[in-house]
Each structure stands twice: as structure tokens, then as C-alpha cells.
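Below you'll find the structure, written out as C-alpha cells, and then a few comments.
The values are calculated or read from the model by the stated rules, or taken from the named source; none is laboratory data. As the structure is a computational prediction, the values presented were derived from the model and not from experiment. Cβ sites come from the backbone with ideal geometry, for glycine too, and all protein chains shown count toward neighbours.
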Amino acid sequence: MFHCRRCRFLSVLLLLVSCACGNQTRSDAVWPSPPEASTPEPAAVSPVSMLATPYGSSLASSAPPAFSPLPAPSPPAYVASPSAAASPARPSSAAAKPSRKPAATAEARQSAKTGAAQAGSRKKQPSRAAGLLIRSGPAASRRAALTFDDAPDERFTPQILAILAKHKVKATFFLLGTLAKQHPDMVARIVQGGHVVGNHMNRHAYLPKLSDEAYRNDLQASEQVLQSLIGYAPRLLRPPYGAIRPDQLLWAAEQHYVTVNWDVDSQDWRGLTKEQVKANVLGHVHPGCIILQHSGTGASGNLAGTVQALPEIIAQLRSMNYELVTIPELLGVAKEK
Ligand SMILES: [Zn+2]
């Protein structure tokens, strides 16, 4: 079929690319069923791509930052400014590594395809969704928020809670409904520690690929589990992998959710060392930042670096005169709906 070497080479290359994409789209499988469980959410979103776009790479891929801010159905007290977020004036991975191009991750590419396909009849929704995905708080005060995703578990969550209690820090934990149901005692300890609980969906699905019905059912299932355990329906929502379609954002807002990603990524899910976790956090903090770490992981994951780094991150942030607050405190929103 291919008569010259160049054509044969190109055909092989196309085949390889096709295979790679096919494999990568499987990474949105239900959390925490192995082997995908060993790849927690930030795998989809590199810090470079996250910080280079105002709404996170996945959303930006499916809905470029041409959003214009319009009133949200249920606007939070504080909504990050798209223009401010688009201008990386603050220290960031992108700024620190200018030679690196924004990474078009597998899930970002998939999101672009899926978003375009599923949102084809919803062309006006990206603009309506503008500003609904929050990545940081006001820069006016010297505050920072520690957040921990994929909670709870029995391995790392207790250690993190002990450190936070020792240093008198209140944080925000984004819980999976399935895991909360498995570890109700740990959920109670999070609440008793004075921390805020947010919804991280029920099964850690990659939201842009979900049908409307599947997305809504998953969100509501998690909400029901969390409400039964903590006594309130969380107002905060963090999409797994930080990935969500504009129409899903709008629906969440109509359900009175405030959707919150992050703008400082510890990358701790990679099993990094204490020093690497510290560098990823402390090298990029700024007033109003939201810091992503994890307190749960799959069976093969290791968050020892997070646990070891946490006391020093807290001490260093305080020495830099940062006040450590919860997301509701940072954004001026209620923790419950
Ligand atoms: Zn997660």
C-alpha cells in the first residue's frame, strides 16, 4: 500500500499515536479500582498546563479562555478573575520553567474531543460557565489554603490529621463518596478536627466523558453519602483530575455548588520525596493560593512524602507570614449548601 519509506514511516507513526490515545483514555476508570487507582487525579493535569490557562487545562481545552464573565446561577461570594488567572504574574510552574510548553495531556486532549462532541449543542454554555471554576482566592490578604483530595483512607489520612491538629491548622478535605462510606470513622475524625469537607464525586470518574445522567447521579450519590455522615451537604465541589465540562460546571452551580480546583500542585500522588513535595508547594505559593495535596491514594500509591513534608510546609508558610485557612474562609463562602 505504501510505496515509499516515508509513507510507511508515517503510517506506523499514526498507528502508534492512535494506540497511545486509546490506552490513555482508559485512565478515567472508576476510582479506586486497580490499576487506575494508582494514578490519582493530577495525572491528567500537569502544573504547566493548569497554570497556563485560567480554568484548568481540561476545561480550557474544551472551552478555550474566550469565556466572558457572566452571572452564575448561584455565584459564590468570590469568583476568581479570569483575566488575573490568565496573567501568570505570580510565581508558577509555567514561570519557573519557561522552556516547557503547556503539556497537552492525554486527558486534556480527550477532554477537548469529548467536550466538543458532548457540548456541541451547548455552544453558549462556555461563556455562561466563565468564572465558575475557581483556582485561587483573593490575593489581597496573605492567606493560603491546604486541600487534601481522595480522602478518606486509613493509611495517610490519620497521619495528616495528627499533623494538622498538632500545628493547629484547619484544612479542606475533598472526599469520595465511595471511600467515605467505607471509612465513616475517618470522616468523623476529619469533621471533629474542625476541617471542611468538600465533594470529590462518588467514584472518581473522569467527568468530561460522563453523560449528563451519569454525572448528576454520581454527584448526588456522593452528596447523599457525605450528608448522612457529616450532617450537611457540602457546598464545595472538586472534580476528579480537575476536569469538568462547562455544562457540568453550570449544573453544579445550579445545585449551589462552588467548584474549586487549585493553582499550586504538590504532585504528591507521584510518590515524591519530602523535598520534592516541599519544593512543588513552597516554590509556587502566593497570597490567595489553593494548594493541592492528597490524603488518600490507591493501594500501590505512597503519600509518605506528603506526610513528611507537611510539618515543614506549615512552618515555612507561617514563617512567610501566611495564614492557613479553609477554602470557605479563603473564598468567603459557606461550607454547606
Ligand atoms: Zn482525586
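Restricting to region 157-176, and then to whatever is away from the ligand (no atom under 12 Å from the Cβ) and buried (at least 24 other Cβ atoms within 10 Å of the Cβ), can you tell me which residue is nearest to the chain's Cα centre (by Cα)?
The initial filter retains those residues of region 157-176 that are away from the ligand (no atom under 12 Å from the Cβ), namely 157-172.
Pick out the ones that are also buried (at least 24 other Cβ atoms within 10 Å of the Cβ) and you get 157, 160, 164, 171-172.
On the way: 157: 18, 160: 19, 164: 21, 171: 15, 172: 12 Å.
Checking each candidate, the answer is 172.
Mind listing just one residue for me: the one in region 200-217 that is assigned to a loop (DSSP other than H, G, I, E, B) and over 18 Å from residue 235 (Cβ atoms) and, of those, farthest from the ligand (Cβ to nearest atom)? Steps first, answer last, please.
Taking region 200-217 first, the residues assigned to a loop (DSSP other than H, G, I, E, B) are 200-206, 210-211.
Now restrict to residues that are over 18 Å from residue 235 (Cβ atoms): 203-206, 210-211.
Values: 203: 11, 204: 6, 205: 10, 206: 11, 210: 15, 211: 21 Å.
Filtering region 200-217 for residues that are assigned to a loop (DSSP other than H, G, I, E, B) and over 18 Å from residue 235 (Cβ atoms), the one farthest from the ligand (Cβ to nearest atom) comes out as 211.
Hey, can you tell me all the residues within region 197-220 that are within 25 Å of residue 331 (Cα to Cα) and in contact with a Leu (Cβ under 7 Å, 6 or more places away or on another chain)?
Selection gives 197, 198, 199, 200, 201, 202, 204.
Scan region 315-330 residue by residue and report those that are of a type outside the set (Gly, Ala, Ser), touching a residue at least 24 places away in the same chain (Cβ under 8 Å) and part of a helix (DSSP H, G or I).
Let us first name the residues in region 315-330 that are of a type outside the set (Gly, Ala, Ser), namely 316-318, 320-330.
So of that shortlist, the ones also touching a residue at least 24 places away in the same chain (Cβ under 8 Å) come out as 316-317, 320-330.
Within region 315-330, 316, 317, 327, 328, 329, 330 meet the criteria.
I need the full set of residues from region 142-191 which are polar (S, T, N, Q) and in contact (Cβ under 8 Å) with a residue 24 or more places away in the chain, in order please.
Once the filter is applied, which keeps residues that are polar (S, T, N, Q) and in contact (Cβ under 8 Å) with a residue 24 or more places away in the chain, region 142-191 yields 147, 157, 159, 172, 178.
Which is at pLDDT below 75 and in a helix (DSSP H, G or I), of 114, 178?
114
Take the residues in region 235-277 that are within 15 Å of the ligand (Cβ to nearest atom) and in a helix (DSSP H, G or I); name whichever of them is nearest to residue 127 (Cα to Cα).
242
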